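The values are calculated or read from the model by the stated rules, or taken from the named source; none is laboratory data. What you see is a predicted model, and the numbers here were worked out from it, not measured in a lab. Please note: Cβ atoms are built from the backbone with ideal geometry, for glycine as well, and neighbour counts cover all protein chains shown. The area values use the complete protein model at the heavy-atom level, side chains included, leaving out ligands, DNA and RNA. Shrake-Rupley method; radii C 1.70, N 1.55, O 1.52, S 1.80 Å.
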Amino acid sequence: MNKKALFALAIGGFGIGMTEFVIMGILPDVAKALSITIPEAGHFIAIYALGVVVGAPLLSSLGSKWPSHKMLLGLMLWFTVFNTLSAFAESYTSLLIFRFLSGLPHGAFFGIGAVVAGKLATPGKEPQAMAIMFAGLTVANVVGVPLGTYFGHHFSWNVAFMMVGVVGVLAMLTVYLWMPKLKPASTVSIKQDFKIFKRIELWILILLTTVGTGGFFAWYSYIAPLITDVTKYPEYMIGYAMILAGLGMVAGNFLGAKLTEKLSPMRAVITSLGLMATVLIINALVAANPVMVLILTFTIGAISFSVVTPLQMAIINASKGSEMLGSSMNQSAFNMGNASGAFLAGLPIAMGYSVVSSSYVGAILAGTGALIAVGIVISRRQKRKLNISKE
C-alpha cells in the first residue's frame, strides 16, 4: 500500500472538508462584513453544494481521459485558486461565484481519488485505502473547521479561506511529489462513459446515498439549537459538541472500512444505516439528558460516517467501465443528502415542533436508506437465482 500517495489524497480531503464546513461557523461574520442577512449568507453553503453536483460528473468524465495523477493535481490547483480568491471577495455576488467555482472539483477529486486509492491498495485492503483518503475529510471537522472558525471569528472571515488555500498548496505539493505516475482510467469516449446512467441499480444507489446520508445531515444541521434549547447547555458547548461529532466521524470512517472487509459493501450499508436510525431515535428520547446527549453526539458521528466507504465501494462496483464517473456521482448524492436532510428536518421545526423532531426525521431517512439497501440485496439474489436456473 502506497501510504505517502494516500496521505496526499487525505490532505486534499482535509482541505475540501474544511472549505465545505467552515462557512457554517463563520456565517454571521461573513454576513456582517458583506452587509447581507444571515439567510442570504446561507446561499454560500447551497451554491457550493450546487458546484459539487455540477462538477462531479462533468470533471470526472473529462478527467478519466487524463493520467489520474495529473487530473488530481489539476483539481487541487483549481480548488486552491478559487478558495484563495474567496478570501478576497468584496461583495455577495463575487463570493457567490467563487464558492460555486470552489465546489466544482470537490466531487471529482473524491470520485477519482477513491478509484486511485483502490488501485494503490494491496488486494483485499481497498476499503482501508479509501478510508485513509476520507480520513482527511473527517479530521477537518475536528481540527480544520474549529481552527478556521476561531480565526475567522476573532480576526477576519477572510483568514479562514486563506487557511484553506494554504492546505490546497500543500495538497498540490504532496500529490506532485508522492503520487505515482498513473494511466488514464478510461480510454472510451465521454458518450460511452455516460452509458452507465442507463443502469437502474446505479440510480438506486445514488438515491440510497442521498436519502441515507440525509439522515445524518437532518440531525447535524440542527445540533446547535438541540444543545442549547433542549439540553440547556451554554452556547460555548456547541463547539465541543461539534468536535465530539468530528471525533466520531474519524472513528466511524475506519469502522466502515472494517465492516466492508468483513461483510459485503451492501450489508455494511444496511448495518450502518439501521444503527443510525436507532441511535437517532434514542437521541430524540434522551436529548434533555446532558451526559447522554454528548455520548450520542460522538456515537451518531461514528455510525453515520461508517457508511461512507461501503457506499463508495458499492457505487464503484456498480460502475464497471466508468468507475471514476460513478464514484464522483456518489459525492454529488452526498451533497444532495446534505441539502435535503437539512431542508426536511427544518419543516417540522418551522411548523412549531421541537428541534428534537430533526432527529426523528433523520431516523426516518436513515431507515428508508436501509430499506432501499435491503431491496438491492434481495434484487441481486433473485437475479443470481434466475441466472442459475437459465444455465
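Cα gyration tensor of the stretch 117-247, axes a ≥ b ≥ c as square roots of the eigenvalues: rounded (a/c below 1.5), prolate (a/b > b/c) or oblate? Here the stretch 117-247 falls in the oblate category. I'd like the distance separating the alpha-carbon centroids of the stretch 1-52 and the stretch 53-115, in whole Å. Computed from Cα coordinates, the inter-centre distance equals 12 Å.
What order do you get for 339-352, 110-123, 164-177 when each peptide is scored by the mean count of other beta carbon atoms within 10 Å, highest first? If you can, show how the numbers build up before the last one.
Working: 339-352: 16.4, 110-123: 23.0, 164-177: 19.9.
Put in order of decreasing packing, that is 110-123, 164-177, 339-352.
The heavy atoms of THR271 offer some 50 square angstrom of accessible surface to a 1.4 angstrom probe. Residues of the stretch 217-238 with an amide N closer than 18 Å to a point placed 7 Å from the Cα of ALA288 along the Cα-to-Cβ direction: 225-234. Given in Å, the Rg to one decimal and the Dmax to the nearest whole number for the Cα atoms of the chain are 20.2, 70. Heavy atoms of the protein chains alone define the surface here; on that basis the stretch 263-391 has 42 Å² accessible area per residue at 1.4 Å probe size.
Ranking ILE295, ALA277, GLN382 by Cα position along the charge dipole of the stretch 267-391, where only Lys, Arg, Asp and Glu carry charges on their C-beta atoms, puts GLN382 farthest toward the positive end.
The distance from the alpha carbon centre of the stretch 239-302 to that of the stretch 144-160 is 27 Å, rounded to a whole number. Among 144-151, 84-91, the peptide with the highest mean count of other Cβ atoms within 10 Å heads the list, and the full ranking is 144-151, 84-91. Between rounded, prolate and oblate, where does the stretch 31-92 land on the alpha carbon gyration tensor, with a ≥ b ≥ c its root eigenvalues, rounded for a/c under 1.5, else prolate if a/b exceeds b/c? It is oblate, given that a/c is not under 1.5 and a/b is not larger than b/c.
Placing pseudo-labels 7 Å out from each Cα toward the beta carbon at ARG384 and TYR240 gives an inter-label distance of 4.9 nm.
Across the stretch 175-328, the convex hull enclosing all Cα atoms gives 143 Å³ per residue. With the highest mean first, a sort of the peptides 248-256, 326-334 on other beta-carbon atoms found within 10 angstrom per residue produces 326-334, 248-256.
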